[in-house]
Amino acid sequence: MSTRPLDGKVRALAFDVFGTVVDWRGSIVREGAAFAAKHGIRVDWAHFADAWRAGYRPAMQKVRSGELPWLKIDALHRLILDGLLTEHGMSGLAEDDIAYLNNVWHRLDPWPDAVPGLTRLKNRYVITTLSNGNFSLLTNMAKRAGLPWDCIVSAELFHHYKPDSETYLGTAELLGIAAAELMLVACHPDDLRAARPERPSRVRCARPPRSGRTAGAARASRVCRRRCARCAPARRCASRSRAGCP
């Protein structure tokens, strides 16, 4: 395995988590199906997962605008979930069952290449999360999935959500490095665009569309592993830094 640096200046890789490292949609659909079978309810869990995720940005904006106080992501997920349960006629569930369902975000499964890719990168770089997920969520997820982070950085530490600049600059400060020595790895273009003025390097990891893995995505994964092992755990990589992908 080559351990050539991505860039001579890069010392740490900060990973977005939801979508980049873990398959949030597939995980919720799988757990939702088991939950529905246990409770005798019928739900389109693909639609439910999409609606739950769609409420994420509006909920964060309510915090930014002052309409809501600072809330960690678990609390925002619960606000959205409560509305969805009513919408789907699931308001009769016990509180313990609702809390268990809300904590599905702690139990998301990693993409198949995530753990080996992170383990490989860990040999050369400090690897950390940089996620809006709260600290306990990211800790529980890493413990369950075996994600080999050197440390966990959560937006909760800054009381700012991505893409606020405090999250990118704060991560570099916590690690004791310059922003230019930090590389952000994400599958979300808006995350990468937002980081640009803060000067970290950026690598985009294109994951399968939210509708699920396709044969094309699987082929892309094989091409990525052959051509761009340095960018693992990406499927296809479009570098936003001088490091580039070959």
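The values are calculated or read from the model by the stated rules, or taken from the named source; none is laboratory data. These numbers come from a predicted model, not from an experiment. Positions of Cβ are backbone-derived with ideal geometry, glycine not excepted, and every protein chain shown enters the neighbour counts.
Some notes on this structure:
- Count of the stretch 78-96 residues which are buried (at least 19 other Cβ atoms within 10 Å of the Cβ) and either of a type in the set (Asp, Glu) or in a loop (DSSP other than H, G, I, E, B) (or both): 1
- Qualifying positions in the stretch 106-126 - closer than 29 Å to ARG64 by Cα and either surrounded by fewer than 22 Cβ atoms within 10 Å (Cβ to Cβ) or among the acidic types (Asp, Glu) (or both): HIS106, ARG107
- For the stretch 12-19, the criterion of being surrounded by fewer than 18 Cβ atoms within 10 Å (Cβ to Cβ) and either modelled with pLDDT under 95 or within 28 Å of ALA94 (Cα to Cα) (or both) is satisfied by no residue at all.
- For the residues THR119, THR128, the requirement of being in a helix (DSSP H, G or I), in the same structural domain as MET183 (by TED's automatic domain parsing), among the β-branched types (Val, Ile, Thr) and modelled with pLDDT of 95 or more singles out THR119.
Conditions (1) closer than 20 Å to SER154 by Cβ; (2) in contact (Cβ under 8 Å) with a residue 12 or more places away in the chain, marked per residue:
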{"position": "VAL21", "(1), (2)": "yes, yes"}
{"position": "VAL29", "(1), (2)": "no, yes"}
{"position": "ALA34", "(1), (2)": "no, no"}
{"position": "HIS39", "(1), (2)": "no, yes"}
{"position": "PHE48", "(1), (2)": "no, yes"}
{"position": "ALA51", "(1), (2)": "no, yes"}
{"position": "LEU85", "(1), (2)": "no, yes"}
{"position": "ASP96", "(1), (2)": "no, no"}
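- Any hit, the stretch 38-48, residues being of a type in the set (A, V, I, L, M, F, W, C), farther than 26 Å from PRO148 by Cβ and in contact with a Phe, Trp or Tyr (Cβ under 6 Å, 6 or more places away or on another chain): no
- Unique match (being in a helix (DSSP H, G or I), modelled with pLDDT of 95 or more and surrounded by fewer than 15 Cβ atoms within 10 Å (Cβ to Cβ)) among ALA99, ALA46, ALA51, ALA75: ALA99
- Some residue of the stretch 186-203 being surrounded by 20 or more Cβ atoms within 10 Å (Cβ to Cβ), part of a helix (DSSP H, G or I), at pLDDT 90 or above and in contact with a strand residue (DSSP E or B) (Cβ under 9 Å, 6 or more places away or on another chain): no
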